[in-house]
Amino acid sequence: MILAHNDYQLDQQLDADVVIVGTGAGGAPLGAVLAEAGLDVLFVEEGGYHPTTSFNPYGTESIGRLMRDGGTTTIQGRPLIPYVEGRCVGGSTVVNGGMSWRTPERILQEWQQLTGAPELGPAGLEPYFSRVQHDTAMAAQLEVSLGDDNRIMEAGARKMGWLHEKNTRGQYLCVGCNNCVMGCPTGAKSSTLVTYIPRARCAGARCATELRVERLILEGGRCVGVQGRAINPRTRQRDKLVTVRSKATVIACGAVQTPHLLLQHGLGRPSGQLGRNFLCHPNAKVLAIYPFDVKGWQGVSQWGQVRAFRDEGVLFAENMIPPSAIAALQPVHAQPLWEMMHRYNQMVLGGVLVEDSTTGRVLRGPLDMAIPRYQITPYDIHRFISGVERMARMHFEMGAERVVLPFARRHFATSVDDLANLDQVVRHPDDLDLFTVHLMGTARMGTKPRESVVDLNGQLWDLPGCYVSDASLFPTAIGVNPQVTIMALALRIGERLADQLASRAA
Amino acid sequence: MPPTAHDPTSSLAIPPPPPVVEPPPLVVAGREPGDGWQLADPQPMGPATRRALQGIIRGLCPRPPAPWSEDLAQRIELGVRVFLRYMPPVMGVGFGPMLLLLDWAPVWRLRGLQPLHRWEREPAAQLLQALSASRLKPVRLMIMAVRAAVLSNYYDQPEVHEAMNYHPMPFLQDRADLRRRLLEGQPAQAEDLIGPYAEVLR
């Protein structure tokens, strides 16, 4: 059953064994495990329910419907880093590229060493990765989904002598619509909307949508549910009060909204780590314009990645987006922008992703606003400059006429000569245009209350009955797309929680 | 029955199906999909703010021969006002004063006594471009926000897509039909490949 704003009374009371706040990569797999174990599960989702049959390529409709705050969210710092996260049933898995990489083994070894917990090491998490791989049909793409922007990246990497690897993506028979960021219109991408949520619903789980959770309900030192307000879809005002009482409460709102919700209750003791350790895997966009048609909007997003610079923590990938989104990001307008945009069919958009070398923090601001803060380091700036320079050089090698660079003081390059002295062009972090979608690490998991926010079951050290299941849990940066890691941890937490609730019932 | 055999046009084996397989829709959704969800109502705006917004729309959007009409300008205004509903409330409320501030930019930039909405389009565009390179970060951010709101709407309009030779719907429908055939066990054909369009990639 899916509930929406119209279904709630002015003061609605709901009950469940487990309430899960969030339906993305953290909430949905966990909910499926619990529902299939026979528990009464209620998902609470701030966004609406939008099935596959509703997805279209029009940004002005899709972005408001599917993304938090219409995609206007930013990380504070120098530079400001815009970020996007999903706000709909399926969460960010509905609007991401579907890239599915297991956590690198060196990272899992680091987690094991850091926490002293073999459960977080390669062997401990292996069964969960295998399940995610099966559940989301992780595989390389079919040839029929390949587009010209993919071919250019692959051929360009070959020409430059770089390692290019095909991406593993969570998809079944993806045919390359390139509409991933506006929702997959064929149902091929294994977002939780079409994988774990249907499984959970088949097992009896309910989903309360258009409902923003504002606080936890605490009684006798335990968390016994959540309270929030339904969002009127026409006015976007929060009106009806909805209270959900439960035996266990799982917060799976992502690395920004999860600490935001928990911080208002003064949680995160004794470590004081809640909201800290914020990671965002920033990236810089490089837009190349060719003298021939590429039609980058046809063919899968991120067929492969250039992984030649992984030791530096740098990845390249192509990642075409609709014209409305490209136009919104450009440094020009009016006629100069039209001169670029009417050549949309000749564009290739790529990203330079840089692994975090520092951490930020999520604070709770006034008016129920989460404030993520993050300051890139001189080392990051250096890696962005060299990464952008390499990618632009590759495009010129492939015949690009013009490359739009993410640097405020030099936006346009028309030949490799314009790539000289880029380190002098970026004099200040504000001279960089960055973007991100990978938010992680603000409620780290661990074995010691003085070092972490939650225990190995995902339960807050200082609030029994309250669990976290999302990218907040990561003890350190993982350097790859986080979806698989989040899902694996969610399955593990779900299994443990099901056991706990079963033994309590017995 | 989903295909399990090797696809003749693929270099990759098709993996086994996942526990849940979502079939593609028979007809891919167009604008305003009928999923029961409604877009928010446009944010109310006073006449002065609407005039300011119209002036900024005229400054930011390209002039003919790019697509342009009064109706298009009205649709962009409507789109921006709907979009404001999805922003955090504090930003949505702050947007109106920001538009008024930009409308009076000619005065505080000592470029004239008339508000921007009374300017010709080309000089208005130039003034807005100059503001985007301002040394003051808040001014740059204002332009960034307004540009994103207006231009994302302009470049999402049907006549603009037409002028750009961008036709996503037939392509998406073709892909949905292909996926349905693959799910039925039919192999992909050579004509199902996308491109290559570029000579250098053939």
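The table below lists the values:
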quantity: Residue within the range A:344-366 that is within 25 Å of the chain's Cα centre (by Cα), in a helix (DSSP H, G or I) and at negative phi present; calculated: no
quantity: Those residues of the range B:1-18 which are exposed (fewer than 14 other Cβ atoms within 10 Å of the Cβ) and either facing chain A (nearest Cβ under 7 Å) or at pLDDT 50 or above (or both), in sequence order; calculated: B:S11, B:L12, B:A13, B:P16
quantity: Test: residue in the range B:61-70 that is outside any helix (DSSP H, G or I), more than 13 Å from every other protein chain (Cβ to nearest Cβ) and either surrounded by fewer than 16 Cβ atoms within 10 Å (Cβ to Cβ) or polar (S, T, N, Q) (or both); calculated: yes
quantity: Test: residue in the range A:460-478 that is surrounded by 24 or more Cβ atoms within 10 Å (Cβ to Cβ) and at pLDDT below 95; calculated: yes
quantity: In the range B:177-197, the residues that are outside any helix (DSSP H, G or I) and within 7 Å of another protein chain (Cβ to nearest Cβ); calculated: B:A188, B:L193, B:I194, B:G195, B:P196, B:Y197
quantity: Residues within the range B:39-60 that are part of a loop (DSSP other than H, G, I, E, B), facing chain A (nearest Cβ under 9 Å) and under 18 Å from the mean Cα position of the chain (by Cα), tallied; calculated: 2
quantity: Residue match in the range A:99-117 (condition: more than 14 Å from chain B (Cβ to nearest Cβ), of a type in the set (D, E), touching a helix residue (DSSP H, G or I) at 6+ places or on another chain (Cβ under 6 Å) and free of Cβ contacts under 8 Å to residues at least 40 places away in the same chain); calculated: yes
quantity: Members of the range A:314-332 that are in a loop (DSSP other than H, G, I, E, B) and either within 14 Å of chain B (Cβ to nearest Cβ) or farther than 25 Å from A:R409 by Cβ (or both); calculated: A:M320, A:I321, A:P322, A:L329, A:Q330, A:P331, A:V332
quantity: Counted residues, the range A:53-87 - those being in a loop (DSSP other than H, G, I, E, B) and facing chain B (nearest Cβ under 7 Å); calculated: 5
quantity: A:G254 being touching a residue at least 24 places away in the same chain (Cβ under 8 Å), touching a Gly at 6+ places or on another chain (Cβ under 8 Å) and either surrounded by fewer than 24 Cβ atoms within 10 Å (Cβ to Cβ) or not assigned by TED's automatic domain parsing to the domain that holds A:G399 (or both); calculated: yes
quantity: The range B:131-171, subset assigned to a loop (DSSP other than H, G, I, E, B) and of a type in the set (A, V, I, L, M), residue farthest from the other protein chains (Cβ to nearest Cβ); calculated: B:L136
quantity: The listed residue being in contact (Cβ under 8 Å) with a residue 24 or more places away in the chain, part of a strand (DSSP E or B) and either hydrophobic (A, V, I, L, M, F, W, C) or surrounded by fewer than 23 Cβ atoms within 10 Å (Cβ to Cβ) (or both), out of A:T249, A:T243; calculated: A:T243
quantity: Single residue of the range A:333-343 satisfying the filter (without any contact (Cβ under 8 Å) to a residue 40 or more places away in the chain and in a loop (DSSP other than H, G, I, E, B)) that is nearest to B:L151 (Cα to Cα); calculated: A:H333
quantity: Lone qualifier among A:L34, A:L14, A:L39 - being part of a helix (DSSP H, G or I) and in contact with a strand residue (DSSP E or B) (Cβ under 9 Å, 6 or more places away or on another chain); calculated: A:L34
quantity: Cβ pairs under 8 Å, 6+ apart, first in the range A:409-425 and assigned to a helix (DSSP H, G or I), second modelled with pLDDT of 95 or more and charged (D, E, K, R); calculated: A:V416/A:R393; A:L419/A:E389; A:L419/A:R393; A:L422/A:E389
quantity: The one condition in (1) in contact with an Asp or Glu (Cβ under 7 Å, 6 or more places away or on another chain); (2) in a loop (DSSP other than H, G, I, E, B); (3) under 24 Å from A:R131 (Cα atoms) that A:H50 fails to fulfil; calculated: (3)
quantity: In the range A:441-459, the residues that are buried (at least 20 other Cβ atoms within 10 Å of the Cβ), touching a residue at least 12 places away in the same chain (Cβ under 8 Å) and not basic (K, R); calculated: A:G441, A:T442, A:A443, A:M445, A:G446, A:S452, A:V453, A:V454, A:G458
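Quick grid of which residues meet (1) more than 13 Å from chain B (Cβ to nearest Cβ); (2) under 22 Å from the mean Cα position of the chain (by Cα):
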| residue | (1), (2) |
| --- | --- |
| A:V244 | yes, no |
| A:V256 | no, yes |
| A:C280 | yes, yes |
| A:F292 | no, no |
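Rundown of residues vs (1) surrounded by fewer than 21 Cβ atoms within 10 Å (Cβ to Cβ); (2) among the hydroxyl-bearing types (S, T, Y); (3) in the same structural domain as A:T195 (by TED's automatic domain parsing), yes/no style:
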| position | (1), (2), (3) |
| --- | --- |
| A:L10 | yes, no, yes |
| A:L14 | yes, no, yes |
| A:V18 | no, no, yes |
| A:T23 | no, yes, yes |
| A:L30 | no, no, yes |
| A:S54 | no, yes, yes |
| A:C88 | no, no, yes |
| A:G98 | no, no, yes |
| A:T103 | no, yes, yes |
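Residue-wise test of (1) at pLDDT 95 or above; (2) farther than 30 Å from A:A502 by Cα.
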residue: A:M1; (1), (2): no, no
residue: A:F43; (1), (2): yes, no
residue: A:G47; (1), (2): yes, yes
residue: A:G59; (1), (2): no, yes
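The values are calculated or read from the model by the stated rules, or taken from the named source; none is laboratory data. As the structure is a computational prediction, the values presented were derived from the model and not from experiment. All Cβ positions, glycine included, derive from the backbone under ideal geometry; neighbour counts span all protein chains shown.
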